[in-house]
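A.B. asks: One structure coming up, written as structure tokens, with questions to follow.
The values are calculated or read from the model by the stated rules, or taken from the named source; none is laboratory data. Note that the coordinates shown come from a computational prediction; the quantities given were computed from them, not determined experimentally. A quick note on method: Cβ atoms are made from the backbone with ideal geometry, for glycine too, and the neighbour counts reach across all protein chains shown. The area values use the complete protein model at the heavy-atom level, side chains included, leaving out ligands, DNA and RNA. Shrake-Rupley method; radii C 1.70, N 1.55, O 1.52, S 1.80 Å.
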Amino acid sequence: GQLLESTGLNGRSSLRRVELETGRVLKKVNLPSEYFGEGLAVLRDRIYQLTWQHQKGFVYDLATLSPLREFTYSGEGWGLTTDGRALILSDGSPTLRFLDPETSQVLHTLTVTIDGRPLPQLNELEFIDGEIFANIWQTHTIVRIDPATGRVTGTIDLTGILPAQERHRDTDVLNGIAYDPATKRLFVTGKNWPRLFEIKLLPKTR
């Protein structure tokens, strides 16, 4: 019944535990002002959080949000999820990196393709029932990826989910995916969006 959220922007980045139904912040840990917070994943009793361009991540205790340690990686950090064994990191390219959660060493990489072509701008990630869901930056599309082959097996079109009257000058792009495996509830949101949406996936109709 609670949501873990990583927020961005230098001087405003944080890790938050949020009451799902109301959006009330229950606990908040601020990042040092030089860091721009990015993707977040929970593996066992640890929370892992990326930063955008500093090649540094942070590890917290899941129960208390207490900082435990830092880790490093090469390149930029965009999205982060886990298959229950490795951390899966996106950096805006078509390549996902699978990292050892203890050493942050790259275990292997996966090139994501759609119709046989590499798919760039992979952003926010979520591992859902054996698939990797990835939001494509600056679009209203989420793709479903086979983690064994990297092939896109389906797309989710969220065009218009945020009503035009709720968009303002600082309202940015779709950029958030969260999943509760216990209840099978799927949520999406965007940068500076006033709402979090619970969605149900339906077959495409013509």
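A.B. asks: Can you name the condition, by its number, that LYS56 falls short on among (1) within 17 Å of the chain's Cα centre (by Cα); (2) more than 20 Å from GLU126 (Cα to Cα); (3) at pLDDT below 95?
C.D. replies: (3)
A.B. asks: Then there is this: Please state which one of ASP146, ASP100 is farther than 30 Å from SER33 by Cα, free of Cβ contacts under 8 Å to residues at least 24 places away in the same chain and open to solvent by 40 Å² or more (accessible area, probe 1.4 Å).
C.D. replies: On the way: ASP100 fails: farther than 30 Å from SER33 by Cα.
Result of the check over ASP146, ASP100: ASP146.
A.B. asks: Further question on the same structure: Kindly indicate which of LEU201, LEU125, LEU110 is touching a residue at least 40 places away in the same chain (Cβ under 8 Å), among the hydrophobic types (A, V, I, L, M, F, W, C) and loosely packed, with under 12 Cβ neighbours inside 10 Å. So that I can check it myself, show each step before the final result.
C.D. replies: Numbers: LEU125 fails: loosely packed, with under 12 Cβ neighbours inside 10 Å; LEU110 fails: loosely packed, with under 12 Cβ neighbours inside 10 Å.
So the residue among LEU201, LEU125, LEU110 that is touching a residue at least 40 places away in the same chain (Cβ under 8 Å), among the hydrophobic types (A, V, I, L, M, F, W, C) and loosely packed, with under 12 Cβ neighbours inside 10 Å is LEU201.
A.B. asks: Can you report the number of residues in region 166-178 which are among the basic types (Lys, Arg) and either part of a strand (DSSP E or B) or open to solvent by less than 90 Å² (accessible area, probe 1.4 Å) (or both)?
C.D. replies: Taking region 166-178 and keeping what is among the basic types (Lys, Arg), we get 167, 169.
Still in the list and also either part of a strand (DSSP E or B) or open to solvent by less than 90 Å² (accessible area, probe 1.4 Å) (or both): 167.
Counting residues in region 166-178 that are among the basic types (Lys, Arg) and either part of a strand (DSSP E or B) or open to solvent by less than 90 Å² (accessible area, probe 1.4 Å) (or both) gives 1.
A.B. asks: I've got another one for you. Among the residues of region 25-36, which ones are open to solvent by 90 Å² or more (accessible area, probe 1.4 Å) and among the aliphatic types (A, V, I, L, M)?
C.D. replies: none
A.B. asks: Another question about this same structure. Can you give me the number of residues within region 52-64 that are under 21 Å from ARG85 (Cα atoms) and either out of contact with any Pro (no Cβ under 9 Å at 6 or more places or on another chain) or in contact (Cβ under 8 Å) with a residue 40 or more places away in the chain (or both)? I'd like the intermediate steps shown before the answer.
C.D. replies: So in region 52-64, the residues under 21 Å from ARG85 (Cα atoms) come out as 56-63.
Subsequent filtering for residues that are either out of contact with any Pro (no Cβ under 9 Å at 6 or more places or on another chain) or in contact (Cβ under 8 Å) with a residue 40 or more places away in the chain (or both) retains 56-58, 60, 62-63.
The qualifying residues number 6.
A.B. asks: Every residue in region 89-109 that is farther than 19 Å from GLU5 by Cβ and among the aliphatic types (A, V, I, L, M), please.
C.D. replies: Of the residues in region 89-109, the ones farther than 19 Å from GLU5 by Cβ are 91-109.
Correct list: LEU96, LEU99, VAL106, LEU107.
A.B. asks: From the list THR22, THR7, THR51, which residue is of a type in the set (Ser, Thr, Tyr), surrounded by 13 or more Cβ atoms within 10 Å (Cβ to Cβ), at pLDDT below 95 and at negative phi?
C.D. replies: Unique residue meeting the criteria: THR7.
A.B. asks: While we're on this one: Might you let me know whether region 111-127 holds any residue that is under 24 Å from GLU19 (Cα atoms) and among the hydrophobic types (A, V, I, L, M, F, W, C)? Give the derivation first.
C.D. replies: Taking region 111-127 first, the residues under 24 Å from GLU19 (Cα atoms) are 124-127.
This time we only want the ones that are among the hydrophobic types (A, V, I, L, M, F, W, C), so: 125, 127.
Checking region 111-127: at least one residue is under 24 Å from GLU19 (Cα atoms) and among the hydrophobic types (A, V, I, L, M, F, W, C).
A.B. asks: A further question on this structure: Can you tell me how many residues within region 149-160 are open to solvent by 50 Å² or more (accessible area, probe 1.4 Å) and in a loop (DSSP other than H, G, I, E, B)?
C.D. replies: Step one: of region 149-160, the residues open to solvent by 50 Å² or more (accessible area, probe 1.4 Å) are 149, 151, 153, 155, 157, 159-160.
Filter once more, so that each one left must be in a loop (DSSP other than H, G, I, E, B): 149, 159-160.
Residues in region 149-160 being open to solvent by 50 Å² or more (accessible area, probe 1.4 Å) and in a loop (DSSP other than H, G, I, E, B): 3 in total.
A.B. asks: Count, please, the residues in region 128-176 that happen to be basic (Lys, Arg) and out of contact with any strand residue (DSSP E or B) (no Cβ under 8 Å at 6 or more places or on another chain). Before the answer, list the steps.
C.D. replies: Filtering region 128-176 down to residues basic (Lys, Arg) leaves 144, 151, 167, 169.
Restricting the remaining residues to those that are out of contact with any strand residue (DSSP E or B) (no Cβ under 8 Å at 6 or more places or on another chain) gives 167, 169.
Qualifying residue count for the region: 2.
A.B. asks: Collect the residues in region 58-90 that are crowded, with 18+ Cβ neighbours inside 10 Å, more than 23 Å from ILE136 (Cβ to Cβ) and of a type outside the set (A, V, I, L, M, F, W, C), keeping them in residue-number order.
C.D. replies: The answer is TYR60, and nothing else.
A.B. asks: Check PRO181, PRO163, PRO194 and return the single one that is touching a helix residue (DSSP H, G or I) at 6+ places or on another chain (Cβ under 6 Å) and open to solvent by 30 Å² or more (accessible area, probe 1.4 Å). Let's see the steps before the verdict.
C.D. replies: Numbers: PRO181 fails: touching a helix residue (DSSP H, G or I) at 6+ places or on another chain (Cβ under 6 Å); PRO163 fails: touching a helix residue (DSSP H, G or I) at 6+ places or on another chain (Cβ under 6 Å).
Result: PRO194 is the single residue among PRO181, PRO163, PRO194 that is touching a helix residue (DSSP H, G or I) at 6+ places or on another chain (Cβ under 6 Å) and open to solvent by 30 Å² or more (accessible area, probe 1.4 Å).
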